[in-house]
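As C-alpha cells, the structure follows; a few thoughts come after it.
Taken together, the values in this text are just the output of simple stated rules run on the coordinates, not laboratory data. None of these values were measured; they are calculated from a predicted model. Cβ sites come from the backbone with ideal geometry, for glycine too, and all protein chains shown count toward neighbours.
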Amino acid sequence: MVEPELPATQLIPLPNRLALTLDFCLRLGEILLSSGAGAADVTVTMLSVARALGAADAEADITFTLLTMSHQTSPDEAPLIARRQVAQRVTDYQDLTNVDHLVRGVVAGRIGLREGRAELNRITSTGHDRHRWAVTAGWGVMSAGIAILLGGGPVVVLVAALAALLIDRLQLRIARRRLPTFYAQVAGGGTAALVAVAARVLDERFDLGLDVSFVITANIVVLLAGVGFMGAIQDALTGFYITAGARITEAVLSTCGIIAGVSGGLSVASAFGVDLPTVEPGATGIQGIGMAAVGGAIGAAAFAFSSYSPNRVLAPIAVVAAIAVTISATVEEPGLGRTWAVGVAAFFVGLVGYAVAKRLRVPPLIVVVSCVVPMLPGIAIYRGLSLLGEGSRRDTSLGLVAIIGAASVALAIAAGVILGEYLAQPLGREVRRVEDRLVGPRLVGPSSLLGRRAGRAIDRRTRRRTEGARDEPAPGPTRRTPPQR
C-alpha cells in the first residue's frame, strides 16, 4: 500500500522523522536479507542510510530473520526501538538492484526520506519485467547446462531440462499454498527421481543410452542453487555466528528434503515393479574442459536469468563463470584437490566480480553468486547424506568424509570470493574505515560507512532539520488546493 505523502513545504517533526527513518532502513534491510545478502552487508547498509538521513546514533542488529534498529538521542531519553521480521526468503535480483540504486542515492544525498520511501513503495509494489513462464524456462536451461557440465549426453540434457520444468511448476504451486520449504524440496527431489525412472523405462525399450544418475544429480544441483551456503559462510566469517548457524541449519534441512524426495520417488517406482539400476549420486565426471566451460556458462547465466537479474549482466556472468570453471578444472587436474581448485576459481570470481558489477551498476552479489553456482558442492552433499542414510559402518564413514569434503568446498568458495572482493574493492576510492565487527568487502550496498567530509555535511543537514522541526509552529487547519489543469 502506497503511503500518503506530506506536502513538500511541511517539515516532518523530529520524533516522527526518526520513526520513519528507522522503518525505512528496516524495510530496505528486509529486501536485502531476503535476497541472500549477508548480515554484515545488510547492517552496514542500514547504518549508512540511517546516518545519511540524520539518525547518526542509530544501532542495528540482525538475527537470522529478525531485524532490529534503535536510536537514542541522549542518555536521559528513552530509546526508540523498531523491529521487522523477514517473513519469506525469495531470491529477487531485480528488486535487489533497484534497492541498491536507491541506497546509493540516499547515501550520496540525492534522495531524501520522503522521496526514498515513495521509491521503495514503488519497487515493492511493481511486478517483474520478466514473465513467470520465462523464469520456468530459465530453470530448465540451467538444468541442461549443469547436465552438460557433469558430462551428460543429449538425451540426459533433454530429460534434465524437462524435469527442471516440472519441478519449478510444482514448487510454485506449493509456495502459493504457504507450505514450508522442506516440503517443496521433497517434492522437487521426488519429481526428479520419478522423471529419471520414466526415462529409464524408455531407455530399456528404445536403447537411448541414458544414465539415470546424471539426470538426478543435475536436478539436485538446480534445487541446491538457491540454498544459502555461501551466505551462511559469509556470516560466519564476518562475526554473525547465530545467523550463520541458523542459515546452515536451513540449508541442511533443505538438502535433507531433497534426499527424502529422491528416496521416496525411487521407492514408489520399485513398488510398482519398475526395474531400477543402481543410482550412484555424485558418480559423475567432467568430460572435458571445453564442454565444462560451456555448461558452466549456461548454468550460471540461466540461474541469473531465473533470479530476475538485469539482462545486461547475463553475458558477462556467462563469460566469468566459464573462465572460473576452466580454472577449477585446470587446477584440479594435476591432483591438487577439489577444495583448492574451487577456492582458486572462487578467488578469481571475487576479484573480477567487483569490477564487472561496478561497470554494470549492479550489486557484486549478483555476479559472484551466479558465477559460483556451477561449482557448488551439491552432489557431494547429496552423496554424503545418502550414504549416511544407508546405516552400515562403511557407508557411514564414507558419508562423513563426503560431508566434510562438501563443507570444505563451500568454505573455499565463500572464502575465495570474499578474499577476491577484499583485494578488488580498494582499487576504487569508496573504501573507508568501518566498525571492526563489520570489517570486510561489501557484496551489497555502499562499500563502507561515510567518510569524514560526507559525515560533516550530513551533520549540518541534520542540525538544520532538527532546528526547523523544533521551531516550526503546530500545523493548523489547511485548505485543500484544487488541482491545476
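Here the contact order of segment 27-86, divided by its residue count and restricted to Cα pairs under 8 Å and six or more residues apart, works out to 28 percent.
Rounded to the nearest 20 debye, the dipole size of segment 31-125 about its Cα centre is 280 debye, using +1 on the Cβ of Lys and Arg and -1 on the Cβ of Asp and Glu. Taking the Cα centre of segment 79-225 as reference, the dipole from Cβ charges on Lys and Arg (+1) and Asp and Glu (-1) amounts to some 900 debye. Using the Karplus relation 6.51 cos²θ - 1.76 cosθ + 1.60 with θ = phi - 60°, the per-residue 3J(HN,Hα) values for segment 213-223 come to 5, 5, 5, 5, 5, 4, 6, 5, 4, 5, 5 Hz, with x marking Gly and Pro.
Cα centroid separation, segment 286-363 to segment 160-210: 26 Å.
For segment 42-194, the relative contact order comes to 13 percent (Cα pairs under 8 Å, sequence separation of at least 6).
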